[in-house]
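A.B. asks: One structure, as structure tokens, below. Some questions next.
Read the figures in this text as sums done on the coordinates, not as results from a lab. Here the structure is a predicted model, which means the values were calculated and not measured. Please note: Cβ atoms are built from the backbone with ideal geometry, for glycine as well, and neighbour counts cover all protein chains shown.
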Amino acid sequence: MNNKDLYVIYGTKPIRMIKELLNNMDLASQLNPGMKIALKPNLVLASPAHEGATTSPLIVEGIIQYLKEHNIKDISIIEGSWVGDRTSRAFKVCGYEDISRKYNIPLIDLQKDSFQEISVGDIRLKICNKALEADYLINIPVLKAHCQTLFTCALKNLKGCIPDSEKRRYHTLGLHKPIAYLSRVLKVDLNIVDALNGDLTFEEGGNPVQMDRIIIGQDPVLVDSYCSSLIGYTKEDISYLKLAEELGVGEADLSKANIHEYDTEEKNCSTFKPSRQVARLTRNVDASDACSACYGGLVHALKRLEENGSLDKIKSKILIGQGYKGQRVDGIGIGNCTSKCDNYLKGCPPSAMEIVKLLEDNI
Ligand code: SF4
């Protein structure tokens, strides 16, 4: 694996998916048994993963199984929830106490950790020691939207590695600059993105959108650039992403990425029950056996169009799903299955960013 590689797997069995990806990228070749490995999920608050805010414990369990199978012994789970919640409560509610007991893995509450103050550029940042001390830091964010920064994934997840007082200060600094600078001093070795079920609008969940995939990459900027496209944003939309690229943290140009995609099974048909918000967004959509990876991208794309005032201007029906294979139908098709539509978007699945562009071009 090199910095430009992104590994993507689709499916509904997270333990099997993550182990298959880690095997395919041969993570073990980068590790040695004496390493101190820290796993940093997103447990922003005490809310189970199916609500769309927190990292699936099954992904973390799969990573631990893989590491143990490769004789790694010093593994810990580190996290500091947001100031409105206690990390200890999040560990319990999100299923991490069970993992800790089952695998004998310590849970380290960064809200109680000591920290160092480090100068970077023209600001000083406080970072928790347990995050800095890891020999190999695995960042395990959730791909989701965010009400202030629009998008949260690999770079922003590192905000869980700073003291609570610092989290408040980041808001006074406008979030984007300290998030970008933090990524210069807190080096992540691997990013494993939970894109199974992240939220449509808010960091704290409540409107999960099933997307059924896991993404791995070393470069957090490239990972975020790719993941933001999956929910309909470009790198230009996300200020901290652009700034991190300018600071030399990584590469945001997706044309430079080598994307390796795997299916563990037939792409799964969407099973999630639409919230009222999703039902409103998709009122013009005719879905027929649509995969969750495709349908989830469309839901995010429609949300972006609602935000920029374009949603109500779309008059054509939007068609999506395997049920349209080989059928000639009127409307705008999303994905390869709708290739008999006069106007359709290639991809299996296409990204939300591509869907936004197609729909905007057809207003
Ligand atoms: S194009 Fe068809 S097969 Fe591919 S993800 Fe979309 S619905 Fe599924």
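A.B. asks: Sorting R276, R184 on the 10 Å Cβ count, fewest up front, what's the list? Intermediate values should be presented prior to the final figure.
C.D. replies: Working: R276 8, R184 15.
The order, fewest Cβ neighbours first, is R276, R184.
A.B. asks: Let me ask something else about it. What does the charge dipole of the chain about its Cα centre add up to, to the nearest 20 debye, if the Cβ of each Lys and Arg holds +1 and the Cβ of each Asp and Glu holds -1?
C.D. replies: Roughly 560 debye, rounded to the nearest 20.
A.B. asks: Percent relative contact order of segment 24-175, based on C-alpha pairs within less than 8 angstrom and at least six residues apart?
C.D. replies: 27
A.B. asks: While we're here: At 222 nm, what value in deg cm²/dmol follows for the chain if DSSP H runs of at least 4 each add -39500 (n - 2.57) and the sum is divided by all its residues, to the nearest 500?
C.D. replies: After summing the helix terms and dividing by the residues of the chain, the value is -9500 deg cm²/dmol.
A.B. asks: Give me the extension gain from N104 to D312: residue separation times 0.36 nm, minus the current Cα-Cα distance, reported in nm with one decimal.
C.D. replies: Numbers: separation 208, 0.36 × 208 = 74.88 nm, distance 5.30 nm.
Gain in length upon complete extension: 69.6 nm.
A.B. asks: Here's something else I'd like to know. Restricting to the chain, compute how many DSSP beta bridges are antiparallel as a %, nearest 5.
C.D. replies: 40
A.B. asks: log10 I(q)/I(0), Debye, Cα-only the chain, no solvent, q = 0.07, 0.09, 0.11, 0.15 Å⁻¹?
C.D. replies: -0.29, -0.47, -0.71, -1.29
A.B. asks: Here's a follow-up. I'd like the Karplus ³J(HN,Hα) series for segment 133-140: coefficients 6.51, -1.76, 1.60, θ = phi - 60°, whole numbers in Hz, and an x wherever there's a Gly or Pro.
C.D. replies: 7, 5, 6, 8, 9, 9, 8, 10
A.B. asks: Moving to a separate point now. Provide the FRET efficiency to the nearest 0.05 for the N362-N2 pair, computing r from the beta carbons and using R0 = 45 Å.
C.D. replies: My answer for the efficiency is 0.75.
A.B. asks: How large is the translational diffusion coefficient of segment 276-361 in µm² per second when you combine the Kirkwood radius over alpha carbon pairs with Stokes-Einstein at 10 °C and 1.306 mPa s?
C.D. replies: The Stokes-Einstein estimate is 128 µm²/s.
A.B. asks: Something else: For E51 and R168, what is the calculated FRET efficiency with R₀ set at 22 Å and r taken between the beta-carbons, to the nearest 0.05?
C.D. replies: Efficiency, rounded to the nearest 0.05: 0.35.
A.B. asks: May I ask you to order 238-244, 117-123, 70-76 by the average number of other C-beta atoms within 10 Å around their residues, highest value first?
C.D. replies: 238-244, 70-76, 117-123
A.B. asks: If you don't mind, there's one more thing I want to ask. Using Cβ counts within 10 Å as a stand-in for footprinting exposure, how do D219, D312, D98 rank, fewest first?
C.D. replies: Ranked by crowding around the Cβ, least crowded first: D312, D98, D219.
A.B. asks: For each of D109, D286, D212, D253, count neighbouring Cβ atoms within 10 Å of the residue's Cβ, then give the residues from fewest to most. Kindly include the intermediate steps, with their values, before the conclusion.
C.D. replies: Numbers: D109 18, D286 15, D212 28, D253 12.
Ascending Cβ contact count within 10 Å gives the list D253, D286, D109, D212.
A.B. asks: Once the Cβ-Cβ distance between E236 and C348 is put in as r, and R0 is 22 Å, what FRET efficiency do you end up with, to the nearest 0.05? Display every interim value, and only then the final one.
C.D. replies: Details: r = 26 Å, r/R0 = 1.19.
Rounded to the nearest 0.05, the efficiency is 0.25.
A.B. asks: Which of C227, C128, C153 moves most in a GNM of the chain, Cα contacts under 10 Å?
C.D. replies: Of C227, C128, C153, the Gaussian network model singles out C128 as fluctuating most.
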